[in-house]
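Report on the structure given below.
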Amino acid sequence: MIQWVEDESIHRRTMESQALEANIEAQSRQLDIADSQNKAVFRSDFWGQVFGFVIAAACIIGSVYLAKIGNNVAAGFLAAMPTAAVIRAFFVRRVPNVPDDKKG
């Protein structure tokens, strides 16, 4: 009877150890996935900002050129686009993403 209890205890510890190792491995994989997602979001945000700057600079340069050649109305409209984008970026509040299961 004592041998049976000892064997059962060894078996239980072995199973708990295997479950713990499996949990550690699963969490490690989840951290790797989260890290790669964070890097992808950073790259996407970075390139979005770079292209946004290039477009805004091109609009401003184009509006200066149009104003210089005498087309003030078109220059004003062209300058309004990057100005509106900057105003929107700084003053419009962002709504946080809430998963569907936590809504209402």
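The values are calculated or read from the model by the stated rules, or taken from the named source; none is laboratory data. Small disclaimer: the values here were computed from a predicted structure and weren't measured. Quick reminder, even Gly has a Cβ in these numbers, built from the backbone with ideal geometry, and neighbours come from all protein chains shown.
Name the residues in the range 45-80 that are surrounded by fewer than 15 Cβ atoms within 10 Å (Cβ to Cβ) and in contact with a Cys (Cβ under 7 Å, 6 or more places away or on another chain), would you?
Across the range 45-80, there are no qualifying residues.
Return the pairs, sorted by first residue and then second, in which the second residue is at pLDDT below 90 and surrounded by 10 or more Cβ atoms within 10 Å (Cβ to Cβ), the first residue lies in the range 27-54 and is in a helix (DSSP H, G or I), the beta carbons are less than 8 Å apart, and the residues are 6+ apart or on different chains.
52/85
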